[in-house]
1. Name the single residue, out of those in segment 133-169 being among the hydrophobic types (A, V, I, L, M, F, W, C) and more than 20 Å from Asn206 (Cβ to Cβ), that is nearest to the chain's Cα centre (by Cα).
2. Return yes when Glu198 is surrounded by 13 or more Cβ atoms within 10 Å (Cβ to Cβ), closer than 22 Å to Tyr123 by Cα and acidic (Asp, Glu) and no when it is not.
3. Out of Tyr114, Tyr172, I need the residue that is touching a Phe, Trp or Tyr at 6+ places or on another chain (Cβ under 9 Å) and touching a residue at least 12 places away in the same chain (Cβ under 8 Å). Which one?
4. Just checking, does segment 179-186 include any residue being aromatic (Phe, Trp, Tyr), crowded, with 16+ Cβ neighbours inside 10 Å and at pLDDT 95 or above?
5. Looking at (1) at pLDDT 95 or above; (2) surrounded by fewer than 20 Cβ atoms within 10 Å (Cβ to Cβ), which is the one condition that is false for Ala94?
6. Take the residues in segment 32-45 that are surrounded by 10 or more Cβ atoms within 10 Å (Cβ to Cβ) and in contact with a Ser or Thr (Cβ under 8 Å, 6 or more places away or on another chain); name whichever of them is farthest from Ile168 (Cα to Cα).
7. Restricted to segment 57-69, and to residues that are touching a residue at least 12 places away in the same chain (Cβ under 8 Å) and in a helix (DSSP H, G or I), which residue is farthest from Leu200 (Cα to Cα)?
8. I need the full set of residues from segment 70-111 which are touching a residue at least 60 places away in the same chain (Cβ under 8 Å) and assigned to a helix (DSSP H, G or I), in order please.
Amino acid sequence: MKIIYIITVLTLVISCGQMTTDTKTIEVEPTKLNLPDTTINFMWRDMKYDSTLNDTFSSIFLNNNYINTMTNLEKAAIGYVSTFIGNECWWDGAANDDRNNLDCKIITALGLGYQCSESHLGYLKRWFSTDKKVLLELKESNCPTVPYTSTIQNTFNKIVISTKENSISVYYEASKVNLREQESWDWSETVYFSATTENLKLIKKNKSEVNHEKLDMTEE
């Protein structure tokens, strides 16, 4: 009986070992999407009265109704583009020594926290987790913390987001100024992404020619 028992145990051990050796990890492909064919104005500029300064200024306006219904993929696409262009960024209180309390209008509206924070960059890294090029761009050292009063700054003038099938595109118009050198630049760009249920991947960027002008800073 002992011999039979030992043989049975050895047989089971060998069989289990073979099962473990032969088992292969099956990777599940992320589900492809069939996004609706939509084009939505996400951001635009208009004149707004500031009661503190008693003057009217060009200000950023956001489509809050759309923001309340955005998917994570759409937030990640807008969030990625908005990381590198100014959107009425200003310090929440006094600026910290490590510049970690910059409140940017679009990043805040998306619920991503302060500009360049772990909440902000961590969210984007999660949705671009398979895109090595974007992950390199999203390093904290590459993330700008520029308030809107800086001598050199850029800003959005318009943002439009479109979805169709498994693709998302973000079109924007932007401008940059260098007050010290009295120069300005204007351009537009469309950023294309492919999307699955699990992540986004940057496909390409189509940038227009840059219009460069000298600023007339003389007072009348």
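The values are calculated or read from the model by the stated rules, or taken from the named source; none is laboratory data. The model shown is predicted, which means the values in this text are computed figures rather than measured ones. We place every Cβ from the backbone using ideal geometry, glycine too, and count neighbours over all the protein chains shown.
1. Of everything passing the filter in segment 133-169, Leu138 is nearest to the chain's Cα centre (by Cα).
2. So Glu198 fits the description; yes.
3. Tyr172
4. Looking for residues that are aromatic (Phe, Trp, Tyr), crowded, with 16+ Cβ neighbours inside 10 Å and at pLDDT 95 or above, one finds none in segment 179-186, hence no.
5. Just one mismatch for Ala94, condition (1).
6. Arg45
7. Asn64
8. Those that are touching a residue at least 60 places away in the same chain (Cβ under 8 Å) and assigned to a helix (DSSP H, G or I): Leu73, Glu74, Ala76, Ala77, Ile78, Tyr80, Val81, Ser82, Thr83, Ile106.
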